Amino acid sequence: MENVYTVKIYGFEITLYSTETEEYTKKIAAAVEEKIKEQTDANPSASLTKASILALMELYDQLVKLQVGADNMRLQLKDYLDDTTKAIAERDEARRTAEKLRDELLALKIDLSNK
C-alpha cells in the first residue's frame with residue numbers, strides 16, 4: 001500500500017508516494033538535502049539546480065559502486081558455495097572409498113585367519 005508523505009528538501013515541500021515508512025522516507029529526504037548542502041558549500045556560486053544535479057551524480061555513483069560490490073560478493077559467494085559442494089562430494093567419495101577399503105581389509109583378515 002502506498003503512503004503519501006510530505007518532505008521538505010532545501011526549502012521545497014515535496015509530496016511523495018511510497019511503500020516505505022515515513023521515518024525511512026524522511027531519512028532519505030534528509031540525506032538528499034545534506035548532499036545538496038555539501039555541493040552548495042563546496043560550490044557557493046552554483047545554482048540550486050546545479051548543486052542538485054551534482055548531488056544526484058554523487059549519490060548515483062555511490063549506488064553503482066555498491067551494486068558492483070554486491071554483484072562481486074554474489075559471485076564470490078557462489079564460488080564459495082560451488083567449492084563447498086565439490087568438497088562435500090569429494091569427502092563423501094573418500095568416505096565411501098575408506099569404507100570399501102575397511103571391508104576389503106576385514107575380508108582379507110578373515111581369509112588370512114582361516115588359513
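Computed from the coordinates by the stated procedures, all read-outs in this text should not be read as laboratory data. All figures in this text were calculated on a predicted structure; none of them were measured in a lab. For neighbour counting, all protein chains shown are included, and Cβ atoms are generated from backbone atoms with ideal geometry for every residue, glycine included.
Relative contact order for region 3-113: what is it in percent, counting Cα pairs under 8 Å that are at least 6 residues apart? Intermediate values should be presented prior to the final figure.
Numbers: 52 pairs, mean separation 14.2, N = 111.
Dividing the mean separation by the residue count of region 3-113 yields 13 percent.
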Given a 10 angstrom Cα cut-off, can you work out which residue in 100, 35, 65 is the most mobile in a GNM of the chain?
100
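Counting other beta carbons within 10 Å of each residue's own, what order do 20, 2 fall into, fewest first?
Fewest to most other Cβ atoms nearby, the residues stand as 2, 20.
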Anchor residue 50: lysines whose Cα lies under 26 Å away (excluding residues fewer than 8 positions away in-chain):
8, 26, 27, 35, 37, 65
With each run of n ≥ 4 DSSP H residues scored as -39500 (n - 2.57), what mean residue ellipticity at 222 nm is computed for the chain after dividing by its residue count and rounding to the nearest 500 deg cm²/dmol?
-28000 deg cm²/dmol
Tilt, helix 48-113 to longest principal axis of the chain (alpha-carbon atoms), in degrees rounded to tens, equals 10 degrees
How large is Rg/Rh for the chain, to two decimals, with Cα atoms and a Kirkwood Rh?
1.56
What do you get for the angle between helix 22-42 and the principal long axis of the chain? Use alpha-carbon atoms, 0 to 90 degrees, nearest ten.
70 degrees
